[in-house]
Amino acid sequence: MSPEEHNQEINTEETVVEDAQNVDLVAPKSSFNWKQLSIILISIIVGGSIVAGAFFWKEYQKVQPPEDITPEEEEMVWTPPETEVDDWSLPEEDYIDNDEDTEDVDEEDKEPKEAKPSLWNLLKNEPTVEQYELSVDWLDRPVENEVNELPVSGPSRSYTVGTITNGSLADESIYLLYESGMGNDYPSGLFVLTPEVIKVTEWMDDVSNLPDSISSTDSKIKLKKDGELFAAMIDIEDMREWHDATIDTLTFEGLENIPENQLYTYNECLFARTPSDLVVEYIIDIPFIDDEDEGSYSTPEITFNRIDGDVMTAEYEIYDRVSYGCGSLCSPLKVVERTDDEFIKTGTTDDGSDLFVLKDVYDERYDALYTQKNTRAFVDTSSGSYNALSENKYSYEEFIGVVPLLYWKDPLGRWVEFVNTEFIILAEKCKPVIYLYPEEETDLHVEVEPNIGFTKTIPEYKDGWDVTAYPDGTVIDRETGEDYHYLYWAGLVDGYPLIEEGWVVTQSDIPAFFDYILPLYGLQGSEITDFTEYWEEDLDEAPYYAISFVDQAIIDELSPLTLDKEPDVVMRVLMTAKPLERPIKLPQPQLPELPEREGFTVIEWGGTILR
């Protein structure tokens, strides 16, 4: 060891000894200060308690149901279904009792189950029978058949509606067949299934060739056809039971070319029932609106000469919306139950039609419209984006001046309301997400078009999304290479329907409600988890919520979704929620008929909160 290393070792030992001696000397002085620790702990506990107490008091004040809820109101609230859970056991079909004799069946001895041919594949074949005008002995009412007893696969429902009495198909039954799709069950048409499958809807004039227009003999009533065999009377009758509505008849001179010489009315819609039970919709011909502007979602311009001499032009929503659960809509005018003395004439259209407004400018209908926050009147667009306002941007006098509501007495003597589009429901569809499940890796171009525009998209939406999709739902943006679990968008739509049916749910029961209801609307697994995690946080400001789901046909109108490769199944789930201080009575809707998830499947969910 060199002298330097020896000296360094000695110095090190001395330093260690010195440090050890110092430790022994100061140790008695470092006794633990329990008093200071106690003060700190007490401060933390008290402070935490105050913060937690304030938080929970705020939450209690915000969502606690009122204490004076009546038994009648309690009955209006959804309650989780009671399920009895016994001790766990294997499913019965998986359970084998070793004490019982079991009969072994040789797999080779089992008869293979013959697959039925697909109806839709058979229809691709050209029929051997040439089309001719069928004569049919129609049944008074459709008779439902068991789908599994049909010689073909594919239909979701089947009815026998009549028997052919002439030609080469004489004695063959005619079937009204339904298919599932878009979250609904709707008629595919009329078919014969033997000796071959033929779609014969167009083979009968009294079914497929009803007149395009109808006029009463005095020309006061004029109707136009607005739909081709989109539903059957059995569907409308089914909806009548759900909505506690009535089906009435309408007759007048001039219906000679309509089956039964009468029309049927339901929720202000007009139908002609063909002998097959399929129906055709007719709408009132509004003389001051162009033909191309009439339809379920029209918001045409109405121009009229005011009695003060001014000419006014504004866009108005002219139809209400009604769904029949078959995936189709009729075009009902918004008929109001009012008396003549509640109106005053405001002007005349160029064709001579008189238009009216409510005589009382403080009528509750005006008040409800003026204070409805989900309209354009509560949105500022001056910056180029949509920014919510806390107050109506119109003064009440300005509001009345722009004529928010127009009224017209139709040829059937009904008062019809038209709503200025500045005051129809405008809603942001929050976090619609689109899951893509192709059968194999697939390049896709996806477009969605909210009828006003986007507020946000992920990934960036240019002229659509160009992505590569995988069977597990992963999507990769082909431009950036980024991968996502779904396509996200938020956007604004107008003409959004209010809640007229649904469920009233206590705020604390919302997760349980989603677990119960979302599978009934077609969501599964992570889709339900994603939906619940997102909306549970947003639905926390009121003790109750009215919750409904928008019919898919309306979703498709408000925000059309298209892909360059046609999916086999598309299900779009759009929730509407409205905070409530007390329960309200809501009729429950008819749940949709869900298609099987087969082939390329597209799922979308989103929601809107109406304030």
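The values are calculated or read from the model by the stated rules, or taken from the named source; none is laboratory data. Just so it is clear, the model here is predicted, and its values are computed rather than measured. For neighbour counting, all protein chains shown are included, and Cβ atoms are generated from backbone atoms with ideal geometry for every residue, glycine included. Calculation scope for accessible area: heavy atoms of the full protein, side chains included, ligands and nucleic acids excluded. Shrake-Rupley method; radii C 1.70, N 1.55, O 1.52, S 1.80 Å.
Hey, among the residues in the stretch 359-383 that are open to solvent by less than 30 Å² (accessible area, probe 1.4 Å) and assigned to a helix (DSSP H, G or I), which one's farthest from Lys409 (Cα to Cα)?
The first filter runs over the stretch 359-383 and keeps only residues open to solvent by less than 30 Å² (accessible area, probe 1.4 Å), leaving 363, 366, 369, 374-375, 377-379.
Now restrict to residues that are assigned to a helix (DSSP H, G or I): 366, 369, 377-378.
Values: Tyr366: 19, Leu369: 21, Ala377: 27, Phe378: 30 Å.
Ranking the candidates gives Phe378 first.
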Would you please name the residue that is most open to solvent (accessible area, probe 1.4 Å), looking only at residues in the stretch 450-480 that are modelled with pLDDT of 95 or more and aromatic (Phe, Trp, Tyr)?
Tyr470
By residue number, the members of the stretch 592-611 that are open to solvent by less than 10 Å² (accessible area, probe 1.4 Å) and over 13 Å from the mean Cα position of the chain (by Cα) are Thr601, Val602, Leu610
Return the pair list, or none, for Cβ contacts closer than 7 Å from residues in the stretch 65-81 that are within 14 Å of Lys585 (Cα to Cα) to residues that are among the charged types (D, E, K, R), at least 6 apart or on different chains.
Glu73/Arg582; Met76/Lys585; Trp78/Asp509
Considering only the stretch 132-159, state which residues are surrounded by fewer than 18 Cβ atoms within 10 Å (Cβ to Cβ), part of a strand (DSSP E or B) and aliphatic (A, V, I, L, M).
Leu139, Val143
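Kindly provide the set of residues from the stretch 509-531 that are of a type in the set (A, V, I, L, M, F, W, C) and either open to solvent by less than 50 Å² (accessible area, probe 1.4 Å) or within 20 Å of Glu581 (Cβ to Cβ) (or both), ordered by number. Steps first, answer last, please.
Just the residues of the stretch 509-531 that are of a type in the set (A, V, I, L, M, F, W, C), to begin with: 510, 512-514, 517-518, 520, 523, 528, 531.
Those that are of a type in the set (A, V, I, L, M, F, W, C) and either open to solvent by less than 50 Å² (accessible area, probe 1.4 Å) or within 20 Å of Glu581 (Cβ to Cβ) (or both): Ile510, Ala512, Phe513, Phe514, Ile517, Leu518, Leu523, Ile528, Phe531.
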Tell me whether the stretch 461-473 contains one or more residues that are closer than 14 Å to Glu604 by Cβ and among the charged types (D, E, K, R).
no
Out of Phe343, Phe288, Phe271, Phe304, which single residue is modelled with pLDDT under 95, more than 30 Å from the chain's Cα centre (by Cα) and open to solvent by less than 60 Å² (accessible area, probe 1.4 Å)?
Phe288
Can you find a residue in the stretch 497-509 that is without any contact (Cβ under 8 Å) to a residue 40 or more places away in the chain and of a type in the set (D, E, K, R)?
no
When (1) touching a residue at least 40 places away in the same chain (Cβ under 8 Å); (2) on the phi < 0 side of the Ramachandran plot are applied to Glu126, the one that fails is (1)
Pairs please, first residue from the stretch 142-162 and in contact (Cβ under 8 Å) with a residue 12 or more places away in the chain, second anywhere and of a type in the set (D, E, K, R) and surrounded by 17 or more Cβ atoms within 10 Å (Cβ to Cβ), Cβ atoms under 7 Å, 6+ apart in sequence or on different chains.
Pro142/Asp277; Gly154/Glu179; Pro155/Glu179; Ser156/Glu179; Ser156/Asp185; Ser156/Glu593; Arg157/Asp185; Val161/Asp277
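Pick from the stretch 580-591 the residues that are in contact with a Phe, Trp or Tyr (Cβ under 9 Å, 6 or more places away or on another chain) and open to solvent by 30 Å² or more (accessible area, probe 1.4 Å): which of them is nearest to Trp605 (Cα to Cα)? Walk me through it before giving the result.
Here is the first cut: in the stretch 580-591, the ones in contact with a Phe, Trp or Tyr (Cβ under 9 Å, 6 or more places away or on another chain) are 580-584, 586-591.
Then drop every residue that is not open to solvent by 30 Å² or more (accessible area, probe 1.4 Å), which leaves 581-582, 584, 586-588, 590-591.
On the way: Glu581: 27, Arg582: 27, Ile584: 26, Leu586: 23, Pro587: 23, Gln588: 20, Gln590: 19, Leu591: 16 Å.
Of everything passing the filter in the stretch 580-591, Leu591 is nearest to Trp605 (Cα to Cα).
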Looking only at the stretch 447-488, and only at residues there that are assigned to a strand (DSSP E or B), in contact (Cβ under 8 Å) with a residue 60 or more places away in the chain and within 16 Å of Leu563 (Cβ to Cβ), the one that is farthest from the chain's Cα centre (by Cα):
Glu447
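State all residues of the stretch 532-552 that are assigned to a helix (DSSP H, G or I), surrounded by fewer than 21 Cβ atoms within 10 Å (Cβ to Cβ) and in contact (Cβ under 8 Å) with a residue 24 or more places away in the chain; if no residue qualifies, say none. Explain how you work it out, then say what you get.
Filtering the stretch 532-552 down to residues assigned to a helix (DSSP H, G or I) leaves 532-538, 552.
Checking which are surrounded by fewer than 21 Cβ atoms within 10 Å (Cβ to Cβ) leaves us with 532-534, 536-538.
Within the stretch 532-552, Tyr534, Glu536, Asp538 qualify.
Just wondering, is there one or more residues in the stretch 349-358 that are within 27 Å of Ile499 (Cα to Cα), at pLDDT 95 or above and part of a loop (DSSP other than H, G, I, E, B)?
Here is the first cut: in the stretch 349-358, the ones within 27 Å of Ile499 (Cα to Cα) are 357-358.
Next, only the ones that are at pLDDT 95 or above stay: 357-358.
With the extra rule that they be part of a loop (DSSP other than H, G, I, E, B), the set shrinks to none.
No, the conditions are met nowhere in the stretch 349-358.
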